[in-house]
Amino acid sequence: MGSNIFSIFATIINIMILLAIIVAIYRGIKGYQNFIKRNKEMDKKIDDILNKLENKQDNNV
């Protein structure tokens, strides 16, 4: 009887660890996607600023 309770307890712990790993991987992927998205937005903003600066230089010359 004792080993049966221990195996049930171990199974529950293993399932919890597996779920924690799955959640961690999911959050890691989401974080990476957000990082890529922010970098793309930052690149667009930098391109806009550079284009405005180039237009000002062209107008001044």
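Every helix of 4 or more DSSP H residues in the chain counts as -39500 (n - 2.57), and over all residues that averages to -36500 deg cm²/dmol at 222 nm.
Ranking SER7, ASN51, GLY31 by Cα position along the charge dipole of the chain, where only Lys, Arg, Asp and Glu carry charges on their C-beta atoms, puts SER7 farthest toward the positive end. Look at (1) 2.52; (2) 1.46; (3) 1.27: the one that is Cα Rg over 2.2 N^0.38 Å derived from this structure is (1). In this Cβ point-charge picture (+1 for Lys and Arg, -1 for Asp and Glu), the chain has a dipole of about 160 debye about its Cα centre. What angle do you read, to the nearest 10 degrees and between 0 and 90, between the alpha-carbon axis of helix 2-60 and the longest principal axis of the chain? Once rounded, one gets 0 degrees.
Here, each number is a calculation from the coordinates, and none is a lab measurement. Computed from a predicted model, the values in this text were never measured in an experiment. Because the Cβ atoms are built from the backbone with ideal geometry, glycine has one as well, and the counts that use them run over all protein chains shown.
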